[in-house]
């Protein structure tokens, strides 16, 4: 057996290795010969020459490609792509999701056009990455925003939605991932979802955001927001939407507990709601949906500020005044004789009015109301009178309606009277007030309106507001003339002048002591006497028998002047009895007031007048009231030359002379 030398045995292997190496050398040389040289040139080279750009981009990966839109070029590098076009500054887009999205969309040749600036990754306003681009062909600006979850979403910055987002990037944040950007429906409403809310635009409403709990409930079918959300007058947050399909208005409300309610206002009621200013207006936000099956095919919808109605015959109108609404509801609302409202509320001098199918309701600024029938069906006045009784809780009727002298009618109820005046107003009043009106129409004037206040029924007459006041001895008082601590109720005779009470010596002295006088006075009257031309009534008749309509309130003083008319044919016993009862009644009517009684002004030796003064002083002592003696003061103060008839002072000098002396005298007694 022949053995080969080891070298001889490995020769074929060595030859193979040598041949392989030779092939590699040849192939490498061929590659070097045939490889294209990568060159960075022109504007891109100038951009790349910046050290920070070179560091960011790395080495070029390919030569530039030109002939792009606007004659532009691009060149790829290890870590991004540089873009340039004539008239534009070169810029680069770093590798990442935004570059990938931009490239897939066609780069400069596609929808977005050329990039403007680099990808920004530290936006202090939004905290997200974005790229700004501009397409000169469509004159459109875009944002390409890294929305997270490997998703890039465009924002069209040339439209209203994109411009709004630009201004509110910090609140709205990045677009929602998984969305394709702005979407526009056939109804012309465009929307885009962002992390902080959805922006919605229409040509009628502009662009507004839907955020938070409202966004969770929002649906495209609700249309476009009519404005941003706001806090309504009731404290709830409100946002309104307009449905372009049928003109309906969708209203969402949110409480502090984030409880969201959603109600729709449709048709004529939607037009009424919008014309009233929406949820910011008189009606306020809706509290529920529309209610149907009303009389004559009507529709009702309740709002925070009132209730809106529509029927084929009455049209759309709302009842928003609380006083009118309470009166109308007492009449049976739309089912009653008033029927549906046919107008809105209109302003009057000191109140408001509203027309209904059956007539006109009027209310005052301080809560009085009345209803005047119009072309109402037969029998409606009786229904209206019954409704007024229900409104004021007057109880069941005590018999039928009775005619009034001069026109109109009235009906008594268990707790009051309802009057249909000759001019057509429906007015409620207490039985005592009704009696006072019938007995003293000159002092009350015509009945106008009525109201419930502080547990009592008040009736407004043309001469003031009257009410029976149980806690003041059931007195009928003129409550519209409530007196206070700075007032004085002055009861007297001709010493207060023949009509110009304010210029009298008595009134001047009272004013100088800090009180504003209010008068119940006539020449010819006294405690028991009434020789007045108009049968005004004595003090006793006026106060105790209720012939006068006294003012309400609590005057600082009730000043009761002694009268010389009681010295003619009236016995001292009658004066004493009637003055005692008058003072007691005044205490009941004015429990907080100070009662001041005076004697009769006289000369020395006026026996008949002085006898009346003595009786009055005795009553004052017994009743514990302040008494002001005036016996002999005409002589003492040297006022006799100023008398015109021996009893009364000349105007103005006599009254002025007396006031100078009486004012300090009265002051000492009031303060003593």
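The values are calculated or read from the model by the stated rules, or taken from the named source; none is laboratory data. Predicted model, so just to flag it, every value in this text is computed and none were measured. Virtual Cβ from ideal backbone geometry, glycine too; neighbours counted across all protein chains shown.
Of the candidates 622, 574, 592, 545, the single residue that is assigned to a helix (DSSP H, G or I), out of contact with any helix residue (DSSP H, G or I) (no Cβ under 8 Å at 6 or more places or on another chain), on the phi < 0 side of the Ramachandran plot and not assigned by TED's automatic domain parsing to the domain that holds residue 440 is 574. The residues of the range 494-526 that are in a loop (DSSP other than H, G, I, E, B) and either in contact with a helix residue (DSSP H, G or I) (Cβ under 6 Å, 6 or more places away or on another chain) or over 24 Å from residue 588 (Cα atoms) (or both), listed by number, are 497, 498, 499, 500, 504, 513, 514, 523, 524, 526. Of the residues contained in the range 375-387, none is found to be part of a loop (DSSP other than H, G, I, E, B) and at pLDDT 90 or above.
Taking the conditions (1) in contact (Cβ under 8 Å) with a residue 40 or more places away in the chain; (2) under 23 Å from residue 315 (Cβ atoms) in turn, residue 273 satisfies each one other than (1).
Results for (1) in contact with a strand residue (DSSP E or B) (Cβ under 6 Å, 6 or more places away or on another chain); (2) surrounded by fewer than 24 Cβ atoms within 10 Å (Cβ to Cβ); (3) in contact (Cβ under 8 Å) with a residue 60 or more places away in the chain; (4) within 26 Å of residue 643 (Cα to Cα), shown as yes or no for each residue.
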site: 485; (1), (2), (3), (4): no, yes, yes, no
site: 497; (1), (2), (3), (4): no, yes, yes, yes
site: 501; (1), (2), (3), (4): yes, yes, no, yes
site: 545; (1), (2), (3), (4): no, yes, no, no
site: 558; (1), (2), (3), (4): yes, no, yes, no
site: 562; (1), (2), (3), (4): yes, no, yes, yes
site: 569; (1), (2), (3), (4): no, yes, no, yes
site: 572; (1), (2), (3), (4): no, yes, no, no
site: 581; (1), (2), (3), (4): no, yes, no, no
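Filtered by the rule that a residue be farther than 16 Å from residue 244 by Cα and in a strand (DSSP E or B), the range 178-226 gives 183, 192, 193, 194, 197, 198, 199, 209, 210.
Screening 276, 248, 304, 327 for residues that are touching a helix residue (DSSP H, G or I) at 6+ places or on another chain (Cβ under 9 Å), at pLDDT below 95 and closer than 19 Å to residue 231 by Cβ leaves exactly one candidate, 304. Restricting attention to the range 237-277, the residues that are under 15 Å from residue 221 (Cβ atoms) and part of a loop (DSSP other than H, G, I, E, B) total 7.
Would the range 505-521 turn up any residue that is at positive phi and touching a strand residue (DSSP E or B) at 6+ places or on another chain (Cβ under 7 Å)? No, there is no match, as no residue in the range 505-521 is at positive phi and touching a strand residue (DSSP E or B) at 6+ places or on another chain (Cβ under 7 Å). I'd like to know if the range 190-197 contains one or more residues that are under 35 Å from the mean Cα position of the chain (by Cα), farther than 29 Å from residue 97 by Cα and surrounded by 15 or more Cβ atoms within 10 Å (Cβ to Cβ). The answer is no, given that none of the residues of the range 190-197 is under 35 Å from the mean Cα position of the chain (by Cα), farther than 29 Å from residue 97 by Cα and surrounded by 15 or more Cβ atoms within 10 Å (Cβ to Cβ). For the structure I just gave you, tell me whether residue 478 is surrounded by fewer than 18 Cβ atoms within 10 Å (Cβ to Cβ), assigned by TED's automatic domain parsing to the domain that holds residue 602 and either in contact with a strand residue (DSSP E or B) (Cβ under 9 Å, 6 or more places away or on another chain) or not in a strand (DSSP E or B) (or both). It is false that residue 478 is surrounded by fewer than 18 Cβ atoms within 10 Å (Cβ to Cβ), assigned by TED's automatic domain parsing to the domain that holds residue 602 and either in contact with a strand residue (DSSP E or B) (Cβ under 9 Å, 6 or more places away or on another chain) or not in a strand (DSSP E or B) (or both). Out of everything in the range 148-162 that is in contact with a strand residue (DSSP E or B) (Cβ under 8 Å, 6 or more places away or on another chain) and in contact (Cβ under 8 Å) with a residue 40 or more places away in the chain, what residue ends up being nearest to residue 210 (Cα to Cα)? Among those that are in contact with a strand residue (DSSP E or B) (Cβ under 8 Å, 6 or more places away or on another chain) and in contact (Cβ under 8 Å) with a residue 40 or more places away in the chain, it is 161.
Only one entry of 105, 85 meets the criterion of being surrounded by fewer than 21 Cβ atoms within 10 Å (Cβ to Cβ) and touching a helix residue (DSSP H, G or I) at 6+ places or on another chain (Cβ under 8 Å), and that entry is 85.
The residue list 647, 586, 666, 630 contains one member that is surrounded by 16 or more Cβ atoms within 10 Å (Cβ to Cβ), assigned to a loop (DSSP other than H, G, I, E, B), in the same structural domain as residue 495 (by TED's automatic domain parsing) and touching a strand residue (DSSP E or B) at 6+ places or on another chain (Cβ under 7 Å), which is 630.
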